[in-house]
Structures are given as structure tokens and as C-alpha cells.
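**Q** Structure below; questions to follow.
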Amino acid sequence: MLPQPHETSAIRIALESVGCRCTQQRVAVLGHLVQADGHPTADDVFQAVKLLIPSISLATVYKSLETLVTAGLATRLQGDTGLVPARYEVRGHGHHHLRCLKTGRVDDVPMNFDPELIAKLDPEIESRLRHQGFKLTGYRLELLGYYEQADSREVEPS
Ligand SMILES: [Zn+2]
């Protein structure tokens, strides 16, 4: 679905606020991420966006996604091996994910996000890491397992 005019202007403002040129491709890619229910892969985004921009290439979708990640407008969820494709989302506030090890599907976990969790697990970790030259800025929790009916959960909701 093409982003609606009010969404397009919001997307334009978001892109320009982080110094990104507002191209048709970036608007379409970000627009798809905004309205996607799940955590699409670059290929999922490509399949959706090429309905709007038939000439767009997968490489352009990748570049647009990476630009949006670098600009802080989207988050990349790396697969746990190089064989599992990265997934993307725009939800900014902290939340946890689960990953189906059979299909690679990623969903949000309906659980409160505790920004102090790492400090509760180890009150010294932040200062120990700082001594190693690492500045801790956040954390991500990923719950691993399988959907019992993996085949029926493979299709992203549309
Ligand atoms: Zn998420």
C-alpha cells in the first residue's frame, strides 16, 4: 500500500530531520516498515515495495534499509548466523523478541521492558565494560524456540 499523504509528510520530516535525502525509494521502504505488522526481511520489503515502484532493485532496498538504520529511523535485527537474513523494524521503544529457530520468524514478546535489567543481573557490569573501553548503551533480549505449528506461522500477517 502506498503511504498516505499525511504519512508521506511525516516520513519526509523524519528522513530530513536526520539529514537523509527524501527519495521515493526511501519513503516507500520506510512507509512499508511503518505499516508492517512483523519484522520483515529485506526481501519481504522488496516484494512489497516493487508493487509500488516496479523498477526498484533489491540492492536499492538494502541500501535504503541500511540508510534508515544508520539514521536511527529503523532497527536491524541480525540473524543469529550469517545464513539467517536480518529483519527490520521501526518500533523505537524497548521491547523483547522471540525467534522461531525453524522459520526465522521474529515476533515481539508481550512483556514489560525493564531498562535496568542488566544492572540488576550484574551491578558491576557497566563499569567493568567501561574499563574495557566499551560504552554500554542498551540491550536486546531474544527468546529462542519453535512455534509448534511452524508451517501455519510462517506466513506473515498481511
Ligand atoms: Zn520488534
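**Q** Residue by residue through the stretch 115-145, note down the ones that are surrounded by 11 or more Cβ atoms within 10 Å (Cβ to Cβ) and within 16 Å of the ligand (Cβ to nearest atom).
**A** Hits for the stretch 115-145 are Y139, R140, L141, E142, L143.
**Q** On the basis of being in the same structural domain as G19 (by TED's automatic domain parsing), within 16 Å of the ligand (Cβ to nearest atom) and touching a residue at least 24 places away in the same chain (Cβ under 8 Å), does D107 make the cut? Even if it seems obvious, please write down each step before you answer.
**A** Numbers: in the same structural domain as G19 (by TED's automatic domain parsing): no; within 16 Å of the ligand (Cβ to nearest atom): yes; touching a residue at least 24 places away in the same chain (Cβ under 8 Å): yes.
So D107 does not fit the description; no.
**Q** Also, I was wondering about something else. Would it be correct to say that E66 is among the acidic types (D, E), more than 12 Å from the ligand (Cβ to nearest atom), modelled with pLDDT of 90 or more and under 17 Å from the mean Cα position of the chain (by Cα)? Give the steps one after another, and end with the answer.
**A** Numbers: among the acidic types (D, E): yes; more than 12 Å from the ligand (Cβ to nearest atom): yes; modelled with pLDDT of 90 or more: yes; under 17 Å from the mean Cα position of the chain (by Cα): yes.
The answer is yes for E66.
**Q** Being surrounded by fewer than 14 Cβ atoms within 10 Å (Cβ to Cβ), out of contact with any strand residue (DSSP E or B) (no Cβ under 9 Å at 6 or more places or on another chain) and in a loop (DSSP other than H, G, I, E, B) is the requirement here; does G94 meet it? Show your work before the answer.
**A** Details: surrounded by fewer than 14 Cβ atoms within 10 Å (Cβ to Cβ): no; out of contact with any strand residue (DSSP E or B) (no Cβ under 9 Å at 6 or more places or on another chain): yes; in a loop (DSSP other than H, G, I, E, B): yes.
For G94, the condition - surrounded by fewer than 14 Cβ atoms within 10 Å (Cβ to Cβ), out of contact with any strand residue (DSSP E or B) (no Cβ under 9 Å at 6 or more places or on another chain) and in a loop (DSSP other than H, G, I, E, B) - is not met.
**Q** Also: Go through the stretch 27-76 and give me each residue that's assigned to a loop (DSSP other than H, G, I, E, B) and either under 25 Å from L101 (Cα atoms) or of a type in the set (S, T, Y) (or both).
**A** The first filter runs over the stretch 27-76 and keeps only residues assigned to a loop (DSSP other than H, G, I, E, B), leaving 36-40, 50-57, 71-74.
Correct list: A36, D37, G38, H39, P40, S55, S57, A74.
**Q** Considering each residue of the stretch 77-91, count those that are at pLDDT below 90 and assigned to a strand (DSSP E or B), and give that number.
**A** Counting residues in the stretch 77-91 that are at pLDDT below 90 and assigned to a strand (DSSP E or B) gives 1.
The values are calculated or read from the model by the stated rules, or taken from the named source; none is laboratory data. The structure presented is a predicted model; accordingly, all values stated were derived computationally and were not measured. Glycine also receives a Cβ, built like all others from the backbone with ideal geometry; neighbour counts cover every protein chain displayed.
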